[in-house]
1. Determine if the range B:28-51 includes at least one residue that is within 14 Å of chain A (Cβ to nearest Cβ), more than 22 Å from the chain's Cα centre (by Cα) and more than 13 Å from DNA strand D (Cβ to nearest atom).
2. Select, from B:Asp155, B:Asp106, the only residue that is at pLDDT below 90 and more than 22 Å from A:Ala154 (Cα to Cα).
3. With the requirement that a residue be touching a residue at least 12 places away in the same chain (Cβ under 8 Å) and within 14 Å of another protein chain (Cβ to nearest Cβ), what does the range A:95-104 give you?
4. Does A:Leu105 satisfy the criteria of being closer than 18 Å to B:Ser93 by Cβ, in contact with a Gly (Cβ under 8 Å, 6 or more places away or on another chain), away from DNA strand C (no atom under 16 Å from the Cβ) and of a type outside the set (Val, Ile, Thr)?
5. Quick check on this structure: which one of A:Lys128, A:Lys101, A:Lys123, A:Lys146 is part of a loop (DSSP other than H, G, I, E, B) and either of a type in the set (D, E, K, R) or surrounded by 14 or more Cβ atoms within 10 Å (Cβ to Cβ) (or both)?
6. Return the only residue of A:Lys80, A:Lys87 being of a type in the set (Lys, Arg), touching a residue at least 40 places away in the same chain (Cβ under 8 Å) and not in a helix (DSSP H, G or I).
7. For B:Asn56, work out the one condition from (1) more than 21 Å from the chain's Cα centre (by Cα); (2) among the polar types (S, T, N, Q); (3) more than 14 Å from chain A (Cβ to nearest Cβ) it doesn't fulfil.
8. Among (1) away from chain B (no Cβ under 14 Å); (2) polar (S, T, N, Q); (3) within 20 Å of B:Ile137 (Cα to Cα), where does A:Gln20 come up short?
Protein chains: 2
Amino acid sequence: MTLTEAKAQFISSWGAFGTQWGINRTMAQIHALLLVSPEPITQDDIMEQLSISRGNVNMNTRDLIDWGLVERVLIPGERKEFFTAEKDIWKVSTQIIKERKKRELDPMLKLLSQLENIDGDKKDKDVKQFMDTVGGIKKFVGQADKVLDVMVKADESWFLGSILKFFK
Amino acid sequence: MTLTEAKAQFISSWGAFGTQWGINRTMAQIHALLLVSPEPITQDDIMEQLSISRGNVNMNTRDLIDWGLVERVLIPGERKEFFTAEKDIWKVSTQIIKERKKRELDPMLKLLSQLENIDGDKKDKDVKQFMDTVGGIKKFVGQADKVLDVMVKADESWFLGSILKFFK
DNA sequence: ATTAATTTTCAATAAGTTTTGAAAATTCAA
DNA sequence: TTGAATTTTCAAAACTTATTGAAAATTAAT
């Protein structure tokens, strides 16, 4: 397999993978392209390599920057802006975890806490099932939250090293 | 807040939450409804409570069954089929992890292995970056896979207990 | 200041996904 | 068997989300 073929395959699969996790296909593809590009590249490079419009590139690179996965780079003597992605996969994943936690888990925890305060007789089986379910999810999400916090703060070798040793 | 309000809120938020993770809104809502229903319920109950069509209920309950999150229950003397969901959140999440691993992570790992075999000079910086990226992702996904395997096999109190103690 | 290059915005459109509902298939009691 | 109840299927419609592209805004060189 040539590099060109492999790159195309990687970008396309990464995009498909992203959609299964609620990430827009193009955003995932741009990210994949930047991950395999050793040097920073421009909007036009991305447009050309992925055959997508300027607007699309612009919006999705902005989102990637908001997610903390991509950076704008200014190259001396160049008029255009260049983009580059963090290449360390551990950093990439902790950054994604950090953002999803902030955007989704934290609001979910807040909601669950509110839902725990309902009027009604705890002996009623509907009330009981509701409180048990909400309480159970809240406890679980809370614990997951803690584990992810540790993971995000830790450094790769320490975290995975310890975990794998621990579970051997 | 009344039970009815809280249930509606829970179901609607759970649906919205699901879409952010690549799960169809209705499937997540049906799951939420079943999670807070102490007794098994029928297609018609689901149709009525969520105001959705019969076909929709049928397709999404089938998917939930395929995911191993919902079961058909036969109630003696009843002609209709009833549905019920696993209520233990730990079991629910390990089941989801198991399925997503099988459906997505495993194929991704297989692809990454193929992409590691490319023709070309490893001194070329494009080839090098590609191999480093693919190799790094593969290593990371492989390790995550191992940790998830342990988690899926473990029982809740053991796993979270140990992990939380370990990281204190 | 002017102008050319570049980036950003966003309404219109396209593409993708979900939902409906009625017809077909299945199930089961009489 | 027959037929009523129930479930399943799937093409068409509705809805949601992503993409385009051209105009507006911004930037920076002259």
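1. For the range B:28-51, residues within 14 Å of chain A (Cβ to nearest Cβ), more than 22 Å from the chain's Cα centre (by Cα) and more than 13 Å from DNA strand D (Cβ to nearest atom): present.
2. Selected residue: B:Asp155, the only one of B:Asp155, B:Asp106 that is at pLDDT below 90 and more than 22 Å from A:Ala154 (Cα to Cα).
3. Once the filter is applied, which keeps residues that are touching a residue at least 12 places away in the same chain (Cβ under 8 Å) and within 14 Å of another protein chain (Cβ to nearest Cβ), the range A:95-104 yields A:Gln95, A:Ile96, A:Ile97, A:Glu99, A:Lys101.
4. No: the conditions fail for A:Leu105.
5. Going through A:Lys128, A:Lys101, A:Lys123, A:Lys146 in turn, the sole match is A:Lys123.
6. Of A:Lys80, A:Lys87, the one residue that is of a type in the set (Lys, Arg), touching a residue at least 40 places away in the same chain (Cβ under 8 Å) and not in a helix (DSSP H, G or I) is A:Lys87.
7. Among (1) more than 21 Å from the chain's Cα centre (by Cα); (2) among the polar types (S, T, N, Q); (3) more than 14 Å from chain A (Cβ to nearest Cβ), the lone unmet condition for B:Asn56 is (1).
8. Just one mismatch for A:Gln20, condition (1).
The values are calculated or read from the model by the stated rules, or taken from the named source; none is laboratory data. Note that this is a predicted model, so its numbers are computed, not measured. Counting neighbours? That spans all protein chains shown, and the Cβs are built from the backbone with ideal geometry, glycine included.
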